[in-house]
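The values are calculated or read from the model by the stated rules, or taken from the named source; none is laboratory data. Keep in mind that what you see is a predicted model, and the values were worked out from it rather than measured. Methodologically, a virtual Cβ is constructed for each residue, glycine included, from the backbone with ideal geometry; neighbour enumeration extends over all protein chains shown. Protein only, heavy atoms only, side chains kept; ligands, DNA and RNA dropped before computing areas. Shrake-Rupley method; radii C 1.70, N 1.55, O 1.52, S 1.80 Å.
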Amino acid sequence: DGTPQATVAVRLIGINDLHGRLDDTGYEEDGVPIGGAAHLAAWVQRLRAEAPGHSLLLNAGDAIGAAPPISSLLRHESTIRVLDAMGVDASSLGNHEFDRGFRETIRILLGDEAAKQAKGPTLPTAKAEGEQGIESPWTGSRHPWLAANVVYRDSGKPVFPPYHVVEKDGVKIAIVGAVTGDLLNVTVARGISNLKALDPAEAINAYIPELQAQGIRAVVVVIHEGGRAAEDSDGISGEIVDIVERLDPEVDAVVSGHTHKRYAAQVDGRWVVQSGHHGAGLGVIDMVIDRATGDVVESAGHTVVADKREVEPDPAIQQMVDGFAAMVAPLVERQVSKLPGPVTREYAPGGMETAMGTLVAEAQRWKAGAQIGIMNAGGLRSNLSEGGLVTWGELFNVQPFGNRVLLLEMKGRDIRQALEQMFIGREDSPDYLQLAGMRVTVDMSRPAGRRIVKIELDDGTPFRPNGTYSVAVNDFLGSGGEDYTAFLKGHRVDDMGADIDALAEYLAAGHPVPTGPIGRYTVVGGEAPQPRR
């Protein structure tokens with residue numbers, strides 16, 4: 001009869017933490033084949049077609065950064081264009097969008113012209129052989145990127161739009177974006193020293209009156225912060241719970257990210273979803289909005305595993321991905337060395353050392369000519385699991401950040417402090433420093449901050465608190481990343497170049513490769529807690 005329905009149905013489809021995984025990764029999850037942007041796009045289309053009304057595709061950050069060559073070597077322009085082609089309606093910033101510093105973030109997301117006008121720091125980057133953009137001039141993303149809580153340090157003004165308003169069948173919906181409040185600790189801080197990350201809940205709530213003044217009552221948050229499924233209930237735990245519980249009651253739904261988990265749960269009466277990572281799934285929230293009031297009156301959430309067996313890859317996205325893969329193939333497929341066996345990030349039970357960590361720390365120590373090498377385990381993003389011939393592309397997947405190797409001079413007491421910082425504030429997510437040139441004994445029965453009981457150097461030199469030692473670290477650790485503030489006390493001697501070059505050159509030179517723990521740590525007085533992978 002042409003009479004408008006009293007309600008409007010809107011489906012939110014959430015993705016997060018894609019990290020530039022555009023091509024078919026060959027991943028499996030519990031025997032289910034997953035991964036690849038073309039299959040993810042097909043799932044988005046399927047979920048849109050199933051929706052009883054309208055849909056919004058929302059990306060909760062970390063679409064780029066810590067990404068394979070198909071994204072990183074193409075300056076992440078490839079990933080941005082794929083997201084545009086998939087029909088993303090809005091994205092929140094994630095911490096990895098800032099990996100290469102403020103001005104490069106502006107360039108990637110807003111384009112070359114915006115970057116020329118941007119005033120702020122950038123990070124040095126060694127342009128890799130084969131690195132290239134896909135468009136010139138680059139015009140940036142075609143959909144909005146949102147961050148209500150990222151502001152300029154001097155003015156307090158937001159760097160990106162805090163929210164984006166869309167209209168579906170006459171009903172307005174506000175999408176408010178935010179990033180983890182821990183932004184400066186999980187990013188190379190000097191690259192964004194002109195920025196501040198405010199408390200996400202407070203920043204989001206500050207815009208609610210402005211939205212209400214526009215007559216908007218349906219509010220969705222897309223945030224790069226997350227949690228994990230609770231072990232003893234249907235709920236979730238983690239930082240996202242505290243944030244959601246403090247959000248204004250006007251917020252109706254939350255699409256989250258950052259922790260690489262998959263969940264759909266209600267917190268304080270609101271559905272919160274996260275899709276996993278690397279295109280392995282999707283989060284869905286179905287909302288019913290009262291046309292007269294604009295309020296969300298009903299909602300339900302669930303998650304989807306992006307099973308490749310159930311959809312055909314989207315042909316347009318697949319063509320894009322194939323083209324990008326061909327652009328980087330000459331470098332990616334170049335053979336570097338032959339490995340004696342698998343080299344992985346797996347810890348021995350109760351241990352603190354991985355073969356991959358030892359290898360990378362040793363490569364950086366060798367490159368810098370240092371006595372000691374120290375590597376953060378979180379900076380290692382892949383395994384070399386097959387052994388045998390290894391390509392440059394496989395090495396890049398291990399260290400995809402484009403970090404620099406720094407040579408520092410550090411006092412022994414400051415090195416010890418850095419080691420003690422492994423146990424402070426990390427009870428739920430330990431991420432042990434990986435070592436070269438030294439051996440450390442840890443007593444887990446002692447209180448955090450007093451667990452390092454012995455340090456020995458490989459060359460037999462006594463380790464002294466007042467001694468000065470040469471240390472190779474990446475620039476993330478060197479800038480105090482992950483709250484390893486002890487490295488800020490080191491004196492920077494030299495920049496030794498890109499971390500990927502150090503690893504490739506070390507292997508090409510035929511140096512020894514560990515395929516298991518070699519005794520860098522000895523744990524006494526119990527077992528070291530194991531990180532969640």
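Send over the semi-axes of the chain's equivalent ellipsoid, whole angstrom and largest first, taken as the square roots of 5 times the C-alpha gyration tensor eigenvalues. Provide the component values of the computation, followed by the final result.
Values: eigenvalues 334, 127, 99 Å².
Over the Cα atoms of the chain, the semi-axes work out to 41, 25, 22 Å.
Where a Cα-Cα gap under 24 Å defines reach, which lysines qualify for K367, not counting those fewer than 8 residues away within the same chain?
Partners found: K127, K338, K411, K489.
Leaving ligands, DNA and RNA out of it, rank L57, L110 by accessible area with a 1.4 Å probe, largest first.
If we order L57, L110 from most to least accessible, we get L110, L57.
Under a point-charge model restricted to the Cβ atoms of Lys and Arg (+1) and Asp and Glu (-1), what is the dipole moment magnitude of the chain relative to its Cα centre, in debye to the nearest 20?
Numbers: 50 positive and 72 negative charges, 329 e Å.
Roughly 1580 debye, rounded to the nearest 20.
To the nearest 10 Å², what's T522's accessible area with a 1.4 Å probe?
70
How much area per residue is accessible in the range 457-533 when the probe is 1.4 Å and only protein heavy atoms are counted (Å²)? Could you put the intermediate results ahead of the total?
Working: 3600 Å² over 77 residues.
Accessible area per residue: 47 Å².
Among all the lysines, which ones have a C-alpha under 19 Å from K119's C-alpha, if same-chain residues fewer than 8 places away are not counted?
K157, K196
How far, in degrees from 0 to 90, does helix 355-368 lean away from the longest principal axis of the Cα atoms of the chain, to the nearest 10?
Computed tilt is about 70 degrees.
Which one of W138, P33, H76 has its Cα pushed farthest toward the positive end of the charge dipole of the range 1-153, where Lys and Arg give +1 and Asp and Glu give -1 at the Cβ?
Toward the positive end, the furthest listed residue is W138.
Per-residue accessible area for E312 at 1.4 Å probe radius, Å² rounded to 10?
Spelled out: E312, probe radius 1.4 Å, area about 150 Å².
Which one of G449, A486, Y432 has its Cα pushed farthest toward the positive end of the charge dipole of the range 426-522, where Lys and Arg give +1 and Asp and Glu give -1 at the Cβ?
The residue sitting farthest along the positive end of the dipole is G449.
So what's the range 329-368 giving for Rg/Rh, alpha carbon basis, Kirkwood Rh from the mean inverse pair distance?
On the way: Rg = 13.2 Å, Rh = 12.2 Å.
My calculation puts Rg/Rh at 1.08.
With axes computed from alpha carbons, what is the tilt in degrees of helix 499-508 against the longest principal axis of the chain, rounded to the nearest 10 within 0 to 90?
So the inclination is approximately 50 degrees.
Can you pull the accessible area of D459 for me, 1.4 Å probe, Å² to the nearest 10?
110
To the nearest 500 deg cm²/dmol, what mean residue ellipticity at 222 nm is calculated for the chain from DSSP H runs of n ≥ 4 alone, each contributing -39,500 (n - 2.57), summed and divided by the residues?
Numbers: 14 runs with 125 residues, N = 533.
Calculated at 222 nm, the ellipticity per residue is -6500 deg cm²/dmol.
Among L109, L198, G516, whose Cα sits farthest toward the positive end of the charge dipole of the chain (+1 at Cβ of Lys/Arg, -1 at Cβ of Asp/Glu, about the Cα centre)?
G516
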